[in-house]
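The values are calculated or read from the model by the stated rules, or taken from the named source; none is laboratory data. Please read all numbers here as calculations on a predicted model, not as lab measurements. Cβ placement follows ideal geometry from the backbone for every residue including glycine, while neighbour counts extend to all protein chains displayed. Please note that ligands, DNA and RNA were not included when accessible areas were found on the heavy atoms of the full protein model with its side chains. Shrake-Rupley method; radii C 1.70, N 1.55, O 1.52, S 1.80 Å.
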Amino acid sequence: MLKTHKSGSSTLQNILHRYADKHNLTLVLPKFSHQLGYPNKFTRDVVYEVPWNEYNIFAQHSRFNLPEVMKLMPEDTVYVTILREPAAQFESLFTYYKLGNHLKISGENKLEEFLRIPNQYSSRRNSIQRYIQNNYMFDLGFNPNQFVTDTKLAKVIEKLDIVFDLVLIAEYFDESLILLRYLMCWDLDSLVYFSLNAREQASVHSMSDSMRDKISEWNSADDSLYRYFNETFWQKVELFGEQRMEEEIWALKERRQKYWDMCVDDVTTNGKGVWHLPGVNVKSYSLKESAKRNKDCEQMTKPEIPFTHELISKLRQRITAFRHSHISMDNW
């Protein structure tokens, strides 16, 4: 999975992490931090190497680099990513990372001021440039400002459509998971989730229709990308069958409610391990006393960074066990 920014990808990553851990699959994990070299394009040298030289799931933040990924992953790898309506995604980026402060924008409504003269503010080169315009295209490995013609953009989107087996749509997350389920032949419980890394409503910036239009225009490449894959997404849903989809979603919601009743005591703010900047409130969960030793409950509510560190620790243990077993075999 290419983990995009502010698009529900932390929730999707949690699903993949849990599946890998449950089935003893090998995740592509970083040597350092919790990301795979981002914002640089992905290269294999940032990966925690395993002596059995086989990886199953790629789910950390990275900047897509298909040739390097293909060197690492099996030939039958299924490629997926997730997109969100670009105006909502840009507002989330702008607020979550406090881009207005980085760009030294004064005033209370920094987003509205940015949209008034985006070219002027974006010319202030700094470390958050990748978030300022067409962030999806950046994450997908392209120069976000290179799409000077519609023809060039159309060719890029066409290539991406060939590469990715499924592009999930954040606004239709449950429908997306059902398509993923049948693509991967997974059971329903593997897809049960609680939303992770989502902001509280008080930390979401309200936008007028005019602001949304300006964001779409400013991020025109991302907007075209989203509209294309939103259309192809609904074509897949139609082929799947609308009635069948409704039944699957109902079953997924029932399973989620079961886990919610079993696991969650309360929805809290900025809990342990949740990354956030001051003033940005991110939802987290407190577990029921009876659920604190339940592995499913614990993992479903665990934020990305501590979960990644836990999985790296488990991978180290697997590597040590693997090497000891091979030393024993050599000495036999």
Worksheet item: By how many nm would the segment from residue 41 to residue 186 lengthen if fully extended, with 0.36 nm per residue of separation less the alpha-carbon distance?
Response: 49.2 nm
Worksheet entry | Tilt relative to the chain, helix 242-263 - C-alpha long axis, 0 to 90 degrees, to 10 | 70 degrees
Worksheet item: Relative contact order for the chain: what is it in percent, counting Cα pairs under 8 Å that are at least 6 residues apart?
Response: 21 percent
Worksheet item: Under a 1.4 Å probe, what is the accessible area of the chain per residue, stated in Å²?
Response: 51 Å²
Discussion item. Of the candidates 177, 103, 166, which one comes out as most mobile in a Gaussian network treatment of the chain with C-alpha springs shorter than 10 Å?
Written reply: 103
Response to the item:
Per the helix-only model, the chain has a calculated mean residue ellipticity at 222 nm (DSSP H runs of ≥4, -39500 (n - 2.57) each, divided over all residues, rounded to the nearest 500) of -15500 deg cm²/dmol
Practice prompt. Report the label-to-label distance for residue 320 and residue 242 in nanometres (one decimal), using points 7 Å from each Cα along the Cα→Cβ vector.
Written response: 5.7 nm
Item to complete: In whole angstrom, note down how far apart the Cα centers of the range 137-160 and the range 195-233 are.
Response: 18 Å
Fill in: Between 0 and 90°, nearest 10: helix 220-240 axis offset from the chain longest Cα axis
50 degrees
Discussion item. Using Cα-Cα distances under 8 Å and only pairs 6 or more residues apart, what relative contact order does the range 132-261 have, in percent?
Written reply: 38 percent
Worksheet item: Hey, in the chain, which Cys have no second cysteine's beta-carbon closer than 4.7 Å?
Response: 185
Item to complete: Would you please name the GluC sites (Glu not before Pro) within the range 196-246 that are DSSP coil residues with at most 16 other C-beta atoms within 10 Å of their C-beta?
Response: 200
Item to complete: Would you mind telling me the share, in percent, of accessible area of the range 199-293 contributed by carbon and sulfur at probe 1.4 angstrom?
Response: 47 percent
Discussion item. Connecting C-alpha atoms closer than 10 Å in a GNM of the chain, tell me which of 269, 320, 232 has the biggest fluctuation.
Written reply: 320
Fill in: Net +/- balance of residues flanking residue 68 in space, Cβ distance below 13 Å, scoring K and R +1, D and E -1
+3
Worksheet entry | Förster-model FRET efficiency, 22 Å R0, residue 150 and residue 217, C-beta, rounded to 0.05 | 0.95
Item to complete: With +1 on each Lys and Arg Cβ and -1 on each Asp and Glu Cβ, and nothing else charged, work out how big the dipole of the chain is about its Cα centre, in Debye to the nearest 20.
Response: 1360 debye
Discussion item. Per 0.36 nm of contour for each residue apart, how much would the distance between residue 209 and residue 70 grow if the chain were fully extended, relative to their Cα-Cα spacing?
Written reply: 45.9 nm
Response to the item:
Per GNM of the chain with C-alpha springs under 10 angstrom, the most fluctuating residue out of 154, 87, 198 is 154
Practice prompt. Using DSSP to define loop residues, name the GluC sites (Glu not before Pro) in the range 81-125 whose beta-carbon has at most 13 other beta-carbon atoms within 10 Å.
Written response: 108
Fill in: Of 6/159; 3/272; 159/302; 31/214, pairs whose Cα-Cα distance is over 31 Å
159/302; 31/214
Discussion item. What is the percent carbon and sulfur in the accessible area of the range 39-143, measuring with a 1.4 Å probe over the protein chains and ignoring ligands?
Written reply: 46 percent
Item to complete: Quickly work out the residue 161-to-residue 235 label distance, labels modelled 7 Å from Cα along the C-beta direction, and quote it in nm with one decimal.
Response: 0.5 nm
Worksheet item: Against the longest principal axis of the chain, how steep is helix 9-22, in degrees 0 to 90 to the nearest 10, with axes from Cα atoms?
Response: 10 degrees
Worksheet entry | Value of relative contact order over the range 31-150, rounded to a whole percent, pairs C-alpha under 8 Å and six or more apart | 22 percent
